[in-house]
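Taking it in order: structure first as C-alpha cells, then the write-up.
Every read-out reported here was derived from the displayed coordinates using simple, explicitly stated rules and does not represent laboratory data. Treat the numbers as computed from the prediction; the structure is a model and nothing was measured. Cβ: placed from backbone, ideal geometry, glycine included. Neighbour counts: every protein chain shown.
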Amino acid sequence: MKVCYLLGSLNRGGTETLLLDVCRNSGAAPFAMVLVHRRGGALESDFAATGVKMYHLEHSRRRLWAYIRRLRRVLLDEKVDIVHAQQAVDAVYARLACQGTKVRVVETFHGYDMESSSFSKWLNRLSIRLSDRVCFVSLTQRDYYVKAYGLQRCADKVCVVYNGIDMSKFSKQYEEPDFIRHIDSATAEKKVSSSTSERRLRMAMVGNFVSGRSQNYPLMSIQLLKEQGIDDFDFYFVGRRNDKEPWRYDDCVRYAEEHHLDNVHFVGGRSDVPAILQHIDAFVYSTDHDTFGIAVVEAMAAGVPVFVNDWSVMCEVVIRGGYSRSSLWQSHNYKDLAERLKSFVSAPEAYKEQADKLRQTVRDTYGIEAHLCRLNMIYKQIVS
C-alpha cells in the first residue's frame with residue numbers, strides 16, 4: 001500500500017512538523033509514502049533529508065487544470081492507493097485528480113473554522129463530501145465539526161487520529177540554547193544576591209503570536225506574582241510575531257515594558273524546541289481554540305511540568321496523557337494561573353518528580369508509532 005501526502009507548503013508549522021516526523025519514520029511505517037507539495041519553505045531541506053520521494057508541483061488558479069493533470073500523472077506513475085490531504089482545497093484537488101481510478105482520498109482537519117470565510121466553509125463541506133475518510137486530531141475538534149456541519153449522517157467516514165510526535169528527539173542531550181545563556185549572564189547579579197545558590201527557575205510558553213493563543217494571561221499572572229514579591233524566575237515567550245496581526249505581539253511587549261517585567265523575555269521563533277524543553281523547569285500554555293496542542297504534548301514528553309488552561313481539548317490531551325486536573329488552570333483567569341505558578345515556585349521538585357513519572361505514558365500515547373498505527377488501520381479499511 002502506498003500513500004501520497006499532500007501539503008500546501010513546506011514552511012514551519014504544526015501540520016508540517018507532524019508530516020516531517022511521519023516522513024522521518026517512513027522506514028518503520030507499515031506502508032510506503034511519497035510527498036507532493038505546492039510551495040517550498042523553510043523545512044524543504046529537512047523533508048529532503050528524510051529520503052521520502054518528493055514532488056514539487058507548482059499551482060496557480062489560472063493553470064488549475066494543468067496542476068490537476070500533473071498531480072494525476074504522479075499518482076498513477078507512483079501507483080498510489082491513497083491520497084492524504086492536509087487542507088480542504090487539497091482534498092478537492094485530489095478527488096478531481098483521482099476521477100476514474102481506484103485511488104481513495106483521506107482528509108485531515110488540523111484547525112477550526114471560527115474565523116473562516118463563507119467560501120472556506122463551503123470548501124470544507126465540499127471536501128468532506130468528496131473524501132472517503134475525514135480525520136480530526138481530537139475528540140473535541142471532531143464533535144465541533146460533527147455539530148457545525150451536520151456530519152451525523154456520515155458518521156461512518158469520520159474518525160479521530162491524534163497527532164504523533166517523534167519522541168526520539170527527547171532522548172538526545174542538547175546544549176543550553178544561546179538565549180538562555182545570554183539571559184542568565186544578564187541576570188548574574190540577581191543570582192549572586194539570591195538567598196539560594198541554585199540557578200533561577202525557568203518557565204516558557206511556546207507558540208506564535210496568532211489568533212487562538214492568548215499570551216496576555218501568563219503575562220498578567222507574572223505581573224500579579226511580582227506584586228506579591230515573587231519574581232525570582234525567568235519566563236520565555238517563544239514564538240514569532242505575525243505580520244498579519246502584529247498587535248498580538250506588540251501589545252504583550254508593551255505590557256511587559258510598562259510593568260517593568262524584567263524577568264519576561266520575548267525570544268522570537270525558534271527551531272530548537274527540544275533543547276529549550278530540556279533546559280526549562282515548567283511549561284505554561286494559554287489558548288482560545290487549539291485543536292490539539294503539539295507544544296503541550298512535547299513538553300509532557302520531555303518530562304516538563306505543564307500548566308495549561310482548561311480549554312476542552314487541553315483537558316482531553318493532558319488527562320489522556322496521565323496528568324491530573326491540577327495542571328489545568330481556569331481559562332481567562334490569570335489569578336488562578338498565578339496561584340498555580342506560585343505553588344510551583346515554592347516546590348518545583350515535587351512537580352518535576354510527577355512529570356518524570358508520566359513521561360513514558362505520554363510517549364506511548366502520543367508517539368509517532370501510535371499515530372502511524374492508527375493511520376494504517378484507517379487506510380486498510382478504505383482500500384479493502
Checklist entry - When the dipole is taken about the Cα centre of the chain, and only Lys, Arg (+1) and Asp, Glu (-1) are charged at their Cβ, what size is it in debye, to the nearest 20? => result 2160
Checklist entry - Dividing the Cα radius of gyration by the Kirkwood radius, what Rg/Rh value follows for region 168-366? => result 0.93
Checklist entry - Cα to Cα, under 15 Å, and not fewer than 8 places away if on the same chain: which aspartates and glutamates meet these conditions relative to Lys335? => result Glu227, Asp310
Next on the checklist: Pairs of alpha-carbon atoms within less than 8 angstrom and 6+ residues apart define the contacts here; what relative contact order does the chain have, in percent?
Outcome noted: 15
Next on the checklist: Over 26 Å between Cα atoms: which of Lys79/Lys172; Lys172/Lys357; Lys172/Lys352; Lys169/Lys357; Lys79/Lys121 fall into that group?
Outcome noted: Lys79/Lys172; Lys79/Lys121
Checklist entry - Any idea how far apart Lys79 and Lys147 come out in nm if each label point goes 7 Å out from Cα toward Cβ? => result 4.7
Next on the checklist: Considering the Cα positions of the chain, please state its Rg to one decimal place and its Dmax as a whole number of Å.
Outcome noted: 22.2, 74
Checklist entry - How large is the helix-only mean residue ellipticity at 222 nm for the chain, computed as the sum of -39500 (n - 2.57) over DSSP H runs with n ≥ 4, divided by its residue count, in deg cm²/dmol to the nearest 500? => result -14000 deg cm²/dmol
Checklist entry - Along the three principal axes, how long is region 212-285 when you take its alpha carbons, biggest first, rounded to the nearest angstrom? => result 34, 30, 19
Checklist entry - Among 246-258, 87-99, what's the highest-first ranking by average C-beta atoms within 10 angstrom per residue? => result 87-99, 246-258
Checklist outcome for this item: Footprinting proxy, Cys373, Cys135: sorted fewest to most Cβ within 10 Å, the residues are Cys373, Cys135
Checklist entry - Rounded to the nearest 20 Debye, what is the dipole magnitude of region 168-366 about its Cα centre when Lys and Arg each give +1 and Asp and Glu each give -1 at the C-beta? => result 400
Item to check | region 168-366, relative contact order in percent, only Cα pairs under 8 angstrom and at least six apart counted | outcome: 23
Item to check | Fewest-first ranking of Lys102, Lys335, using other Cβ atoms within 10 Å as the exposure measure | outcome: Lys102, Lys335
Checklist outcome for this item: Among Ala350, Val362, Leu277, the residue whose Cα sits farthest towards the positive end of the charge dipole of region 168-366 (+1 at Cβ of Lys and Arg, -1 at Cβ of Asp and Glu, taken about the Cα centre) is Val362
Checklist entry - Using alpha-carbon pairs under 8 Å, 6+ residues apart, how would you state the relative contact order of region 53-208 in percent? => result 14
